[in-house]
Each structure stands twice: as C-alpha cells, then as structure tokens.
Amino acid sequence: MADTVKFIVTKEYDGTKAGRFLRSYCKLSARSLSLLKRTEGGITANGSLLRTVELVREGDLIEIKLPDEQSSITPVKGELDVLFEDEYLLIVNKPAAMPVHPVKIHQTDTLSNIIAYRCKEIGSDFVFRAINRLDRDTSGIVIVAKDRHTASLMQNTKIDKHYYALCHGTVQISGTVNAPIALSQNSKIVRCVSPMGQNAVTHYKKIKSFSDYASLVDLVLETGRTHQIRCHMSYIGHPLLGDDLYGGSLDLISRQSLHCYSSSFIHPFSKEMICVNAQLPADMKNLINRLEAGDYNEK
C-alpha cells in the first residue's frame, strides 16, 4: 500500500482554505481529517505542514500521510487469482463456495484470510476493505482497497459490473426489472420484491437459450441490493440454476450459477480506465457444455 497520496491544487481551488480542498477535492472525511491533524506530518503543502485553515494555491503539491494500519484477520494460505494490483487497489477473481468476509461460522476460510496471508508473505499488510461484495456461492470479481482513503474514494466511483447467469426457461431478448427489494418476513436471509423495499434495478440481456430449459444471460446492476439478481430473476419467473433459495433446481449444479465476469471504472488516483475480466469457472463452463449437448438429466 502507498505511504502517502498526492494531489495538485487545481485552479478551481486557488485561494480557498485547505479544509475545503481536502474535503471537496481530496474527498477526505471529517474523521480522516481529524486523524491526520493528530498525525505528525499528516498533511503537507510543498513539503511544509499544512493547517486546514490555511489557503492553498493553484499548483501546490498536497501530500497526505496514510496512517499505519494492522489487519486483525487470521492469515491462511490459499490460491489467489489476481486480476489487477497497484499500491491502492487489489482486484481478484473469487471462487464459489468462499465467503468474502469472516462471519461466525466462517472465520478462516474466506477471501480476506487468503489476502491477509499474501500480504504477510510480501510484507505489505493492510486492513481488508472490499469495495463490492459477492455472495459466498457467487464467483467473480472482488475489488479491495488497500487503505481507508482509497476505500472512501471508491465508494463514490462509478463501477460498471457485468454478470453471467444461467436462468431457468427462455428469457426474453432483453429487459429491465425495476422492483424494490426487502427482507422477507420470517427470514434473515431471503429477499423478496416488496413495495416497502429499497429501490432496485436490474438490466438483463439474453445471450443464448438452451431449448426451453435454460438461458445464458448478461446482467448489469443499477443498484446493489443483497441477492438482487437472484431475487429479481426469480420474481420474473426465471430463477438461477442451482439457486434453490429462490426456486432454482439443483439438478445440474449445486450453487447459484452466477459469476461477475467484468468490471470497469476510472482509477481514483491515476484517472485511467481500469478494465478487468474474470473467466467463467469450470462448473459453469461444464454446465453450459451439458446444456448445449441437451443433457438435462440430474448430475
């Protein structure tokens, strides 16, 4: 991870107070500013200590010292499919059957455990902050920020994500599901479409149908609600294969056939377009091969 982040004061902020520049342009939170004020050399302008009440000038080099952080996650050795990495971000392809974060019944078999081990090996410890989250049995791209400030910037960054899913039945060529999602009554896990829920919008496009048994679909989310794709596709009568929680069959695959295969965004520091792709995992490839062969019998 980076030790400092650097910004150049733009013409728009010439003659304004440093506090305004740091909050508006650098996107520092009040909490981060408070911490930096107590950090020796926390904020400097052209190499000199900068107070938030002082004025900044166009062209000034502002440096923010990132605080040292120690991860509390148990390092566990495991394979990690790295798609992109720099001093600010780590992007990986998460396999199915792996939680992203530790929870009560998964303390040492998560993506964060494997990343913690890798960090320890290369001597680059950082607190695990996932920018996007995937269900335990959903595979694909997970973006991880290496420090608090990068995480904050990424929360305000538009990230375009595409998913592949195999759904029951023949899905129409394309469409949009605009239906609010809420937690189902009598369940702590299952979501449902409800007028009392949060706004949720899913766009889908059929890639291929396999007779009238299943369809391969490309999906894009406008919102990021828990179980959004799974809930929305079930709502329109096309639950995901392997997703028995939402009405899908386990006959051909034992987990929801959902994979985040593409992600793109403007890097918060370099301002370059970052585009990453994650290949379909073997179980979904095998499932497609079976569907193309017309083999719909139980696995």
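Readers should treat all values here as calculations from the given coordinates under stated rules, not as data from a laboratory. Please read these numbers as outputs of a predicted model, since none were measured by experiment. Note that we place each Cβ from the backbone using ideal geometry, even for glycine, and neighbour counts take in every protein chain shown.
For this structure, a couple of remarks:
- Cut-off of 10 Å, at most 10 other beta carbons, DSSP loop: longest stretch of the chain lacking such GluC sites (Glu not before Pro): 80-271
- Ranking Gly140, Ile115, Tyr204 by how far each Cα lies toward the positive end of the dipole of the range 71-218 (charges on Cβ) leaves Tyr204 at the top.
- For the range 1-64 versus the range 216-236, the inter-centroid distance based on Cα atoms is 40 Å.
- Whole-percent pair-distance distribution, where bins are 5 Å wide, for the alpha carbons of the range 73-157: 3, 16, 26, 29, 18, 7, 1
- Between the listed residues Gly248, Thr157, Ile229, the Cα displaced farthest toward the positive end of the dipole of the chain, a dipole computed from Cβ unit charges relative to the Cα centre, is found at Thr157.
- Dipole of the range 4-65, positive end: most advanced residue of Phe21, Leu61, Ile8 [Cβ charges, Cα centre]: Phe21
- Among the trypsin sites (Lys or Arg not before Pro) in the range 222-289, those placed in a DSSP loop whose Cβ has at most 10 other Cβ atoms within 10 Å are Lys271.
- Cα gyration tensor, the chain - rounded (a/c under 1.5), prolate or oblate: prolate
- Entries in Lys158/Lys208; Lys158/Lys285; Lys6/Lys120; Lys161/Lys205; Lys94/Lys146; Lys65/Lys146 that, when Cα-Cα distance is taken, lie over 22 Å: Lys158/Lys208; Lys158/Lys285; Lys6/Lys120
- Mean projected area of the convex hull spanned by the Cα atoms of the range 4-65, taken over all viewing directions: 3.5 nm².
- Restriction of the trypsin sites (Lys or Arg not before Pro) in the range 1-110 to DSSP coil positions whose beta-carbon has at most 13 other beta-carbons within 10 angstrom yields Arg38, Arg51, Arg57, Lys77, Lys104.
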